[in-house]
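K.L.:
One structure coming up, written as structure tokens, with questions to follow.
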Ligand SMILES: C[S@@+](CC[C@H](N)C(=O)[O-])C[C@H]1O[C@@H](n2cnc3c(N)ncnc32)[C@H](O)[C@@H]1O
């Protein structure tokens, strides 16, 4: 494992995030009282780290695995409403203690690995919050879900813990797919069908899925709307994130042209997460609610 690092002014944070958009291994830390940032990108090969130096300068250092785990470990468990608790803890005895201390919550164990989605990023935690709401509304009826750009598998695993039936999860990163399989095993959430698959080339099954989640970047979402529109079953819920606030208008306008709309939009920092579905369903629900 190699780490590329560079210091920069905090005012350039957005620009750096955009430069590395889609790279789950970027870590940005505020330093010097918030005036500067330390950028780090964790790379599996020296060549990958050198390619970044060639473009952006900075330095490279070889990293021990233990150091990597420490570098990205979330500082505390992530709680989502009263329903979920995400922890990097993997030891069964410790997990049992956490469950004992939080009997009402579903515990999800996601150790920091080279895939996005430990729960502490604003996009993941907001997706989880909306998923808890959707699961509550669907309680007592069977529902299926699809997690597009699954990373660690966190959203699909949470859905299974919250009562979904069989789930589909995909990521185009083969390493993420391996991580998801390990996380499914350690969380005892079978019936998640994981695939190495580019969302843009995916052909969803005809029946679609009752809940579709896609925490992808704006540019990917815009291209993926036709596929996502097919994936959402009639009457289905759609939860999307990974949208920079500055790009939300373009993302939602493009969604509307594929018959998708949003009734709940949450901004956390510079990230936007939204819940919606097929415009026809949303309009029918609105009409029914207002007689
Ligand atoms: C922002 S992370 C979200 C991870 C996780 N679902 C979460 O909510 O924390 C986006 C993930 O989507 C994957 N991804 C990006 N573009 C994709 C595409 N075109 N097809 C499939 N996966 C993609 C990335 O590899 C990454 O794992």
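Each reported figure results from applying straightforward, stated rules to the coordinates on display, with no laboratory input. Since the model is a prediction, treat every value here as computed from it, not as a measurement. Virtual Cβ from ideal backbone geometry, glycine too; neighbours counted across all protein chains shown.
K.L.:
Sticking with the crude label model, points 7 Å out along Cα→Cβ, report the distance from residue 256 to residue 31 in nm, one decimal please.
P.N.:
Going from the residue 256 label point to the residue 31 one covers 4.5 nm.
K.L.:
I would also like to ask the following. Arrange 258, 121 by Cβ neighbour counts within 10 Å, fewest through most, would you?
P.N.:
Ordered by Cβ neighbours within 10 Å, fewest first: 258, 121.
K.L.:
Using only DSSP helix segments of four residues or longer, with each worth -39500 (n - 2.57), what per-residue ellipticity at 222 nm results for the chain after dividing by its residue count and rounding to 500?
P.N.:
-11500 deg cm²/dmol
K.L.:
With the Cα gyration tensor of the range 115-289 giving a ≥ b ≥ c as the square roots of its eigenvalues, does the rule (a/c under 1.5 for rounded; else a/b larger than b/c for prolate; else oblate) give rounded, prolate or oblate?
P.N.:
Taking the square roots of the gyration eigenvalues as a ≥ b ≥ c, the range 115-289 is rounded.
K.L.:
Next question, about the same structure. Helix 174-187 versus the longest principal axis of the chain: what angle, 0 to 90°, nearest 10, using Cα atoms?
P.N.:
Here the helix axis deviates by roughly 70 degrees.
K.L.:
Separate question: Rounded to the nearest 0.05, what FRET efficiency do residue 219 and residue 270 have when you use their Cβ-Cβ distance and R0 = 22 Å?
P.N.:
0.90
K.L.:
Can you compute the modelled spin-label distance between residue 46 and residue 249, with each label point 7 Å from Cα toward Cβ, in nm?
P.N.:
Inter-label distance under the simple model: 4.9 nm.
K.L.:
OK, next. If each residue's Cβ is checked for other Cβ atoms within 10 Å, how do 95, 148 rank with the fewest at the top?
P.N.:
So the residues, fewest neighbours to most, are 95, 148.
K.L.:
Ranking 8, 45 by Cβ neighbours within 10 Å, fewest first, what do you get? Spell out each step's value before the answer.
P.N.:
On the way: 8 16, 45 10.
Neighbour counts put them in this order, fewest first: 45, 8.
K.L.:
Separation between the residue 206 and residue 90 pseudo-spin-labels, each 7 Å from Cα along Cα→Cβ, expressed in nm?
P.N.:
4.2 nm
K.L.:
So, one more: What's the angle, to the nearest 10 degrees (0 to 90), between helix 218-231's Cα axis and the longest principal axis of the chain?
P.N.:
Value to nearest ten degrees: 30.
K.L.:
Can you work out the FRET efficiency for the pair residue 23 and residue 288, with r the C-beta to C-beta distance and R0 = 35 Å, to the nearest 0.05?
P.N.:
After rounding to 0.05, the efficiency reads 0.20.
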